[in-house]
Amino acid sequence: MFEPAPEIRVSAGVVIDEHGRAVVVRKAGAVVFQQPGGKPEAGEDAMTALVREIAEEIGVHVDPAQVEPLGVFRDLAANEPGHTVVADAFRVRVRHADVARGGEIEELRWLTAADAASTPLANLSRNHLLRLAWE
């Protein structure tokens with residue numbers, strides 16, 4: 001009998017600067033880049049988790065009124081084999097100068113659409129989220 005892959009729910013930010021570049025992060029121990037974001041803590045909704053995670057990962061304090069919901073996306077999880085990641089995605093516009101790498105982030109990159117093909121990306125980022133940065 002077929003067993004569906006366990007799901008991991010996250011909030012993901014498609015974060016874009018004033019030059020139209022999207023930021024991706026590589027967390028400590030990960031080999032691929034992904035959108036800033038993460039799992040909600042107990043009692044958090046998707047927006048609250050996004051705001052907290054963006055502050056922790058890239059140092060930007062986001063006003064929820066300035067965040068644009070993009071929908072729910074799913075793909076194979078990058079860091080949890082055998083799992084599916086389900087992401088509540090949001091577009092966030094920031095000033096480049098306000099972004100700083102947070103403690104759990106090993107590397108941060110700003111990408112243009114042309115950079116995406118040569119960057120090691122999580123499935124969710126490559127197949128769904130990054131394209132939303134340039135629509």
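Just so it is clear, none of the values below were taken in a lab; they were calculated from the coordinates. No experiment lies behind these values; they were computed from the predicted model shown. Glycine gets a Cβ as well: all are built from the backbone with ideal geometry, and neighbour counts include every protein chain shown.
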Nearest 500 deg cm²/dmol is fine: what mean residue ellipticity at 222 nm does the chain get from its DSSP H runs of n ≥ 4 alone, each adding -39,500 (n - 2.57), divided by its residue count? -3500 deg cm²/dmol
Over all Cα pairs of the chain, the Kirkwood radius sets Rh, and Rg/Rh then becomes 0.95
Test of understanding: in a Gaussian network model of the chain with alpha carbons linked when under 10 Å, which of Ala87, Ala117, Ala65 would top the mean-square fluctuation ranking? Ala65
The long-range amide H neighbours of Leu70, using H built 1.01 Å from N in the peptide plane and a cut-off of under 5 Å, are Ala89, Phe90, Arg91
Estimated inter-spin distance, His83 and Met47, nm [label 7 Å along Cα→Cβ]: 2.6
What length, rounded to one decimal in nm, is gained on full extension from Thr119 through to Glu104, with 0.36 nm per residue of separation minus their alpha-carbon distance? 3.4 nm
Which loop-located trypsin sites (Lys or Arg not before Pro) does the stretch 34-135 contain, where loop means any DSSP state but H, G, I, E or B and the Cβ has at most 11 other Cβ atoms within 10 Å? Arg95
By Cβ neighbour count within 10 Å, fewest first, Thr112, Thr84 rank Thr112, Thr84
On a 0 to 90 degree scale, rounded to 10, what angle separates helix 46-58 from the longest Cα axis of the chain? 60
Quick one: work out the % antiparallel among DSSP beta bridges in the stretch 7-134, nearest 5. 60
